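First the structure, in the form of structure tokens, and then the observations on it.
Just so you know, all these numbers are worked out from the coordinates, no wet-lab data involved. Model, not experiment: these values are computed from the prediction. Positions of Cβ are generated from backbone atoms using ideal geometry, with glycine treated the same way; all protein chains shown enter the neighbour counts.
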Amino acid sequence: MMQAFPGRRLKSTAILCSSMIVLFVFFHFCFDGAPSIRSISSFSSKLPTLSGEPLVVSHDGNGPSQDVKETLVALVSQKQRPISTLMTVTKISSRAPVPTNLEENHVSQPILSSTFSSTNAEPEATHAISNPLDSSGAIVAAVSLSTNLSWVHELQNPIWTLHRYDHDSPHPPPSTYFPVNKGNEAMMYLSYILNNYDALPTYSIFIHGHRTSWHQEGDIVELVNALRFRALDQEGYTPLRCDWYPSCPAEIRPLDRDAVVWGPGVWRHEVEVEIAEAWAVLFASEELPRTIASQCCAQFAVTRSAILRRPKAEYESMRDWLVNTSLSNDISGRVFEKLWAYIFTKEAVRCPPPGRCACDYFGMCGERKWMVPPEGLRKWDEE
């Protein structure tokens, strides 16, 4: 009995210590721990999806966060799930409030739910996707003072910042400076590149500002929200119109002047002549191609690396030509309209098949009828 007493004593001591620890934890939680728990119950997390667009999962601290936790766990484990599945998961997020005023060079709070998906789209390889949350983007709008750009607030991706170039502004701010209003959107686009050449964002989308038009592939909000970053990273340049009408596959023939005209051909001949005349100034060390063609109509997305393929001095030379030319805006602007794809890719003919363009660049992979080139012009290769 005397030998067992020390063991009992040690056991009692252990129980007493354990009880004190439990009481300490209890009182710490009640008086100190609760604020800490409350402080971390409100959170926001941004994750990339297989489409290259960010998923923003948020919780404001009110109500259960179980759905959010389940979503995060599901996303971590689903590297090979199709895009349509990921888009379904994002629906648990709520829509952020939209400010009423559009500020210069600033985009509103992002919409937190992703709404565009294509059940026919193939899953994108995760290793080839740029993380949008580590990227930056610019919406470069060549517009007038009266243009309504309120749709910018509907863009889902938080990377986009608006760069508004009002061509009729008598006193543009330094951030959107341009020397003279000539060449329609060409002057604004070149001025943006020169103003930001040393600090370009990862992606730049050049637009005319209208929300819908025949010469873009749909609602501009849907196009920007659906843009596939992997495809843009690989190509460097993506048109916002995929239909070949009226400029692909051989609109400009500056040497032979034998182009088959498809569509109205407004100023086409004059532009063809002026491209030949100006080539040595615009591209001093490059040979004039026999054929120049790309999807119209001067609206496109381009990567920073694609812009930087050419030194700043070349863009300065292009703008100087535009400043000094005596050509009308309709002609000088169209000179660049026909050349943007070449400027950024150095490919004289840049006409991806319309179906592949729509599917690869925007995830629009369903059946669709495209305008077929007339006799005398080749059709795209069947896929």
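Once you list every other residue whose beta carbon is under 13 Å from the beta carbon of Ser332, what net charge do they have if Lys and Arg are +1 and Asp and Glu are -1?
Its environment carries a net charge of -3.
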| said: From the phi angles alone, apply the Karplus equation (6.51, -1.76, 1.60; θ = phi - 60°) to region 367-372 and give each ³J(HN,Hα) in whole Hz, x where the residue is Gly or Pro. | reply: 5, 7, 8, 10, 5, 9
| said: Skipping prolines and chain starts, which residues have an amide H placed within reach, meaning under 5 Å, of the one on Val349, given they are 5 or more residues away or on another chain? | reply: Ala293
| Within a Cβ distance under 11 Å of Glu286, other residues only, what is the Lys/Arg minus Asp/Glu net charge? | 0
